[in-house]
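Worksheet for the structure shown next.
The values are calculated or read from the model by the stated rules, or taken from the named source; none is laboratory data. These numbers were taken from a predicted model, which means no experiment stands behind them. Please note: Cβ atoms are built from the backbone with ideal geometry, for glycine as well, and neighbour counts cover all protein chains shown.
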Amino acid sequence: MSDRPLSRAFIRLGFRALGRHRAHWQDVWPGLVINRTSAHVTWHGQPLLTLQPAAQIIPRGLPMIAVVGSGPSLKHQQIEAINGSTAILCNGAAMLAERIRPIAVAVEDERFVFRHHAMLISLRRDIPLLLSPAALRAWAERDAASLENRSVALIDNLQKPVAAARRDLSDPSLRKIILHGHQGAFSVNPEQGVVIVGTVAFSALQFALDAYPARILLAGIDLTNDNEPRFYETATTAPSGLSTGLNRILSGFSLAHEEADHRKITLDCASPVSALLSIGYNYTNELS
């Protein structure tokens, strides 16, 4: 069963009638207006927030940035070993904000917001957020006031940009933004938008690489056991499409690995069961 309210299903169907180039406009309807030029965001005509540049949220040149997912492997790891303000917590990893101080919390799927809104609004207001247009709208639907006085940077989809028509990743306008590999694609300017592959961890990785840390540590990014409860779940598991999209996901992560090597950024994986190990990522047991 989907975590989206039934009303959203009808809205999605309605926008599909507009054609594939505008179907993604449903992400912000009704009520959310994002002005990419001024960075002003309004909700039903009232000011909601002003978007922050990601570079103001994620410091450049850190010794390490950890991108932390919510895979089952994280349940038995020592997350406190990630010291200081170095982690981007993705989706349910937001729960770890009580144990480590993150750089930001990243969410791009509105279904997570609908399912775990209580988790998100409980975050300290001084924790910055990386949110997609759909996640931002879903949050505002639940409780717009809880977004006040929060620092928010946008996770925009280069293929389906907010307030613009859908385009192919091969579009000439993206030539200086997207790095293409044999299969995957990768944004070298996530402030303008990211390449979406189906896991917010990949979007967070694009922001992390753009900050040029000396090292990036990936934790809780398993990609092999999406039929198991995430580290914060019980026997009830939210639906996941990781398995069906795994080839696309791994193609993106493979290209990111090549780009990290090119930038001389060390890229390590702390999950002993991660599918990333099969494409050349180095395993580290420092969280075990």
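For a quick check of your reading of the model, give me the residue pairs whose first member lies in region 46-57 and is closer than 11 Å to residue 147 by Cα, whose second is among the polar types (S, T, N, Q), with beta-carbon atoms closer than 7 Å and at least 6 apart or on different chains. That search, which allows pairs on different chains as well, returns 48/42.
Working only within region 267-283, note down all residues that are part of a strand (DSSP E or B) and within 20 Å of residue 181 (Cβ to Cβ). Result: 267, 269, 282. Screening residue 274 against (1) at pLDDT below 90; (2) buried (at least 19 other Cβ atoms within 10 Å of the Cβ); (3) in contact with an Asp or Glu (Cβ under 6 Å, 6 or more places away or on another chain) leaves a single unmet condition, (1). If you go through region 56-95 and keep only what is under 23 Å from residue 118 (Cβ atoms) and over 16 Å from the mean Cα position of the chain (by Cα), you end up with 72, 74, 75, 79.
Exactly one residue out of 121, 127, 100 is over 15 Å from residue 221 (Cβ atoms) and without any contact (Cβ under 8 Å) to a residue 24 or more places away in the chain, and it is 100. The listed residues are 223, 242, and the only one of them that is among the hydrophobic types (A, V, I, L, M, F, W, C), part of a loop (DSSP other than H, G, I, E, B), at pLDDT below 75 and surrounded by 16 or more Cβ atoms within 10 Å (Cβ to Cβ) turns out to be 242. For beta carbons closer than 7 Å, sequence separation of 6+ or different chains, a first residue in region 234-257 that is closer than 18 Å to residue 204 by Cβ and of a type in the set (Val, Ile, Thr) and a second that is modelled with pLDDT of 95 or more and part of a helix (DSSP H, G or I), the qualifying pairs are 249/202. Residue 145 passes every criterion in (1) without any contact (Cβ under 8 Å) to a residue 60 or more places away in the chain; (2) under 23 Å from residue 208 (Cα atoms) apart from (2). Checking the stated criteria, residue 107 turns out to be farther than 19 Å from residue 286 by Cβ, in contact (Cβ under 8 Å) with a residue 60 or more places away in the chain and not aromatic (Phe, Trp, Tyr). Here 208, 135, 164 are screened, and the one residue that is surrounded by 22 or more Cβ atoms within 10 Å (Cβ to Cβ) and either of a type in the set (Phe, Trp, Tyr) or under 29 Å from residue 11 (Cβ atoms) (or both) is 135.
When each of 36, 4, 12, 20 is tested for being surrounded by 12 or more Cβ atoms within 10 Å (Cβ to Cβ), modelled with pLDDT under 85, assigned to a loop (DSSP other than H, G, I, E, B) and charged (D, E, K, R), the lone residue that passes is 4. The set of residues in region 59-81 being crowded, with 24+ Cβ neighbours inside 10 Å and in a loop (DSSP other than H, G, I, E, B) consists of 69, 70, 71. Those strands (runs of 3 or more DSSP E) of region 94-181 in which at least 2 residues are closer than 25 Å to residue 44 by Cβ and β-branched (Val, Ile, Thr), considering only elements entirely within it, cover 104-107. In the condition set (1) assigned to a helix (DSSP H, G or I); (2) out of contact with any Ser or Thr (no Cβ under 7 Å at 6 or more places or on another chain), residue 249 is compliant with all but (2). Evaluated against (1) touching a helix residue (DSSP H, G or I) at 6+ places or on another chain (Cβ under 7 Å); (2) closer than 30 Å to residue 15 by Cα; (3) not aliphatic (A, V, I, L, M), residue 99 falls short on exactly one condition, (2).
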